[in-house]
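Some notes on the structure that comes next.
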Amino acid sequence: MNDFVAPQDSTALVTGANKGIGKEIARQLADAGFTVYVGSRDLGRGEQAVKEIGGDARPLVIDVTDEQSIAAAARAVDSLDVLVNNAGIMADDAKAPEASMDGFRRTYETNVFGVLAVTNAFLPALRRSPRPRIVNISSGTGSLTQSADPSHPFAVSVGSAAAYRSSKAALNALTLYYAQALDAEGFKVNALAPGLRKTDLTARAASGGDPAEAAEAAVRLALLPDDGPTGAFVSWDGSTVPW
């Protein structure tokens, strides 16, 4: 259990928060005193998650691949202190030579274009915050440095899940570009490598570690002080991940 405490009247939005790491991030933010918008494509699943999360959690219907859904969600949130872009998918786990164009497109629609669309839609609300924070849930498999290192396990897998891994590399680049563009406005924008966690992302993930560990790292980034880092790629244990 963490001992994080949010500034008074703080609000947060977590996309893909009705299950997995996103749900745990929402729960810990609520425990810290945030009003948390629990982003979910389906209202029923969102409402159920809100009941289980407790605190001042509120359902918010948002499909990160649908412009109208994003716009409607943004209209419902007047001000925002923290945005956690957590929603992500793995639509194709093939190596690049065997990957399908459809799998790549669907993966990028959620993992990259969805982050771009949601972040831009909520920038007006974030700009009303005295200390806006954006946390992008990435993956250590998106590290090109580690993937190019023959001694690293990510390189040993020889380019599997090319769509997912490259989408996370693109998300890392997007994180850096947002951090640079918004730095003068006091934003802190960082990417988190949560580690392999027990989720339904893949069959392998089902044997992963406790999502709460990754969530705690996300909350740390959400509560960064004004002298905290921006444009960083951070592991769940606090160490820096090479791009």
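Readers should treat all values here as calculations from the given coordinates under stated rules, not as data from a laboratory. Source: prediction; values computed, not measured. Cβ atoms come from the backbone with ideal geometry, glycine included; neighbour counts cover every protein chain shown.
If packing is taken as the average number of other Cβ atoms within 10 Å across a peptide's residues, how do 183-194, 17-28, 79-90, 160-171 rank, most packed first? Walk me through the intermediate numbers first.
Numbers: 183-194: 20.5, 17-28: 26.3, 79-90: 24.7, 160-171: 22.5.
The densest-packed peptide leads the list: 17-28, 79-90, 160-171, 183-194.
Quick one: if the Förster radius is 41 Å, what FRET efficiency do Ala184 and Glu98 give, using the C-beta to C-beta distance and rounding to 0.05?
Working: r = 44 Å, r/R0 = 1.08.
Taking R0 as 41 Å, the efficiency between Ala184 and Glu98 is 0.40.
Starting from the amide H of Ala57, placed 1.01 Å from N in the peptide plane, find each other amide H under 5 Å away whose residue is 5 or more places distant or on another chain.
For Ala57, the qualifying residues are Val36.
Multiply the residue gap between Ser160 and Glu213 by 0.36 nm, knock off their C-alpha separation, and tell me the result in nm, one decimal place. Could the numbers behind the result be given before it?
On the way: separation 53, 0.36 × 53 = 19.08 nm, distance 2.57 nm.
Using 0.36 nm per residue and subtracting the Cα-Cα distance, I get 16.5 nm.
In terms of modelled amide H atoms, which long-range or inter-chain residues lie less than 5 Å from the amide H of Arg41?
Those qualifying (amide H under 5 Å, at least 5 residues apart or on another chain) are Ile62.
Starting from the 7 Å offset along Cα-to-Cβ, what nm value, one decimal, do you get for the label separation of Asp78 and Asn120?
2.7
Pull up all non-local amide H partners of Val189: gap of 5 or more, or a different chain, and H-to-H distance under 5 Å with H placed in the peptide plane.
Those lying under 5 Å, H to H, from Val189 are Ile134, Gly231.
So for the chain, if I pair up every lysine 8 or more residues apart or on another chain, how many of those pairs have alpha-carbons under 18 Å apart?
On the way: Lys19/Lys51; Lys19/Lys198; Lys23/Lys51; Lys23/Lys198; Lys95/Lys168.
Within the chain, the lysine pair count is 5.
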